[in-house]
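First the structure, in the form of structure tokens, and then the observations on it.
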Amino acid sequence: MKGVKYHVLVDTLGLLLSIVVHVANLQDREGAALVLDRRTRALFPFLGTIFADAGYQGPRAASAARRSGRWQLHIVRRAEGTRGFVVLPKR
């Protein structure tokens, strides 16, 4: 759908835990605060580590994870020089 972005939180099996839909002009770093909120933390207290792509790197996404609990945010990056689609580990 044009004009919207989806931020999806799934477990290691790919099962949906939380989803946030918002306007497309928000950066991914800002959208992380919407999906990693206190409500999500209360529903899933057993989560310890969040794996995210490079769009979520930076202090804004990291502080959103810290504010809502003791989540560790790990950014999974592509190998340098890689072109096209590549399956990344733990993401």
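Please state the charge dipole magnitude for the chain, taken about the Cα centre, from unit charges on C-beta atoms (+1 on K and R, -1 on D and E), reported in debye and rounded to the nearest 20. Could the numbers behind the result be given before it?
Numbers: 15 positive and 6 negative charges, 31 e Å.
For the chain, the charge dipole is close to 140 debye.
Residue-wise HN-Hα couplings along region 63-73, as the Karplus relation 6.51 cos²θ - 1.76 cosθ + 1.60 with θ = phi - 60° gives them from phi, are 6, 5, 5, 5, 5, 8, x, 9, 6, 9, 9 Hz; Gly and Pro carry x.
Run through region 23-91 and list the chymotrypsin sites (Phe, Trp or Tyr not before Pro) located in a DSSP loop whose Cβ has at most 13 other Cβ atoms within 10 Å. The qualifying sites are 46, 85.
Ordering 62, 75, 43 by Cα displacement along the dipole of the chain toward the positive end leaves 62 in first place; charges were set at the Cβ atoms of Lys, Arg (+1) and Asp, Glu (-1).
For the pair residue 2 and residue 19, label points projected 7 Å from Cα toward Cβ lie 2.2 nm apart. Computed extension length for residue 82-residue 67: 2.0 nm, one decimal, from 0.36 nm per residue of separation with the Cα-Cα distance subtracted.
Near residue 41, once Lys and Arg are set to +1 and Asp and Glu to -1 for all other residues with Cβ below 12 Å from its Cβ, the sum equals +4.
For the chain, the percent of C-alpha pairs falling in each 10 Å distance bin, counted from 0 to the bin holding the largest distance, reads 15, 48, 31, 5, 0. Taking θ as phi - 60° and the Karplus parameters 6.51, -1.76 and 1.60, the scalar couplings of region 77-89 work out to 9, 6, 5, 4, x, 7, 10, x, 7, 9, 6, 9, x Hz in sequence order, x denoting glycine and proline.
Only the coordinates and a few stated rules stand behind these numbers; no lab work does. The structure presented is a predicted model; accordingly, all values stated were derived computationally and were not measured. Don't worry about glycine lacking a Cβ; one is built from the backbone with ideal geometry, like all the others, and counts go over all protein chains shown.
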